[in-house]
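Down below is the structure, laid out as structure tokens.
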Amino acid sequence: MSLRRPPILLLDTVLVGFALADAWSHVGTGEQPAMAGSLLGALALTLRRRLPLTTFVLTLPTALVTDAAVAPMAALYTLSSLSRHRLLLGGCALIYAVTDFLPWPWSSMDASEMAQTNNLFHLSYALATAAAPVFLGQLVQARRELSLRLADISEAREHERLLTAQNVLAKERAQLAREMHDVVSHQVSLIAVQAGALQVGGQDAETRQAAATIRRLSVQTLEELRHMVSVLRASGSRPTELTPQPSLADLECLVDASGIEAKLETDLPDELPPTVQRAVYRTVQEALTNVRKHAPGATATVRINHRGGALCTTITNTAPTRPAFALPSAHHGLVGLAQRAEILGGTVTSGPTDQGGYELCLELPVERNR
């Protein structure tokens, strides 16, 4: 876990205080020029981020008239961490070293004393002291630029990974679209053709009615398949909706065409959100399909009402009157309904009834999904 950096204002305040303490330890109370230069250099540090070169110039009197080093070194470090001009930085370091080396007042300078060995060591020390903040500032600048470059590289790699994933997904969707068109659509088309032939050539009215229902459902399935294939093939382009989307206005037709004896009871508010309407429609559709598959001969009741800001949909069926045929099932229907309800902030519950039937209940908040 990385530590949070202190606020910039706090850092600057601490630095100014440290510079004042350094000046106070090197300047006597009666030294007016030294006191003025020290105060100027310490207070100038408040400008070091906005005007680094000006700040450095204002701290030079501190190095000239006192032995305090915090203010000029901090200003030189800041200038070095923000500037890319190597010649400027070298010149500023040399100026600071010479300023720090020269005695104050200048009238006390003696050429013979300047050439002494101790003074040469003093000059070397001043040059090293001036070079240190420059090198440190350049190192910090290089580290900052490296961090930005690494962040850019990471962002580029993440973008590349997303593009690769989208490309793989697009290929999978295209393959799925081909399979749906070449296999599923072909077989459903054959079912529709055979049902049409049976509808025309059937010997009794019940057979013709059943064939008409099969043909109508097959045609409807083909239309939905075509829409889904279009959506799958549109992957990577503009967003495409699965149209037309069902609504509560289609519930009566859904119940009538379910192939079972079902009753619809509704008490609905006006202008329900489309997402809620689709969720209710798909829930009723799945429930009636399960009744037809797993409870032959059973009757069903669909109740939809609005209470307490929530829309409650309950589908209840009676016990089956004859054995069910073994039909293929992936058992994903109820899972999909629960996931859809969770996205909308609702819940799905289901289970057997005391009379041997089954009940499925969907509850969705209305105001949240407007």
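Annotations for the structure displayed:
Matching residues to (1) in a helix (DSSP H, G or I); (2) touching a helix residue (DSSP H, G or I) at 6+ places or on another chain (Cβ under 6 Å); (3) β-branched (V, I, T):
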residue	(1), (2), (3)
E179	yes, no, no
L190	yes, no, no
Q199	yes, yes, no
A211	yes, yes, no
V219	yes, yes, yes
L222	yes, yes, no
L225	yes, yes, no
V229	yes, yes, yes
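- Candidates R161, R173, R149: the one that is surrounded by 11 or more Cβ atoms within 10 Å (Cβ to Cβ) and of a type in the set (K, R) is R173.
- G356 surrounded by fewer than 17 Cβ atoms within 10 Å (Cβ to Cβ), among the small types (G, A, S) and over 25 Å from S218 (Cβ atoms): yes
- Members of the stretch 291-302 found to be touching a Leu at 6+ places or on another chain (Cβ under 8 Å) and part of a helix (DSSP H, G or I), listed by number: K293
- Across the stretch 269-285, the number of residues qualifying as closer than 19 Å to E363 by Cβ and free of Cβ contacts under 8 Å to residues at least 60 places away in the same chain comes to 7.
- Selection within the stretch 314-340 - modelled with pLDDT of 90 or more and over 17 Å from R292 (Cα atoms): none
- Any hit, the stretch 52-59, residues being part of a helix (DSSP H, G or I), at pLDDT 80 or above, surrounded by fewer than 17 Cβ atoms within 10 Å (Cβ to Cβ) and not β-branched (V, I, T): yes
- Among (1) assigned to a strand (DSSP E or B); (2) over 25 Å from G297 (Cβ atoms) - the single one V280 does not satisfy: (1)
- All positions within the stretch 300-315 that are over 9 Å from C361 (Cβ atoms) and touching a residue at least 12 places away in the same chain (Cβ under 8 Å): A300, T301, V302, R303, I304, N305, H306, G309, A310, L311
- All positions within the stretch 88-115 that are modelled with pLDDT of 55 or more and among the polar types (S, T, N, Q): T99
- If you go through the stretch 136-179 and keep only what is closer than 21 Å to P72 by Cα and touching a residue at least 40 places away in the same chain (Cβ under 8 Å), you end up with L136, G137, Q138, V140, Q141.
The values are calculated or read from the model by the stated rules, or taken from the named source; none is laboratory data. Remember, it's a predicted structure, so these values are computed and weren't measured experimentally. Positions of Cβ are generated from backbone atoms using ideal geometry, with glycine treated the same way; all protein chains shown enter the neighbour counts.
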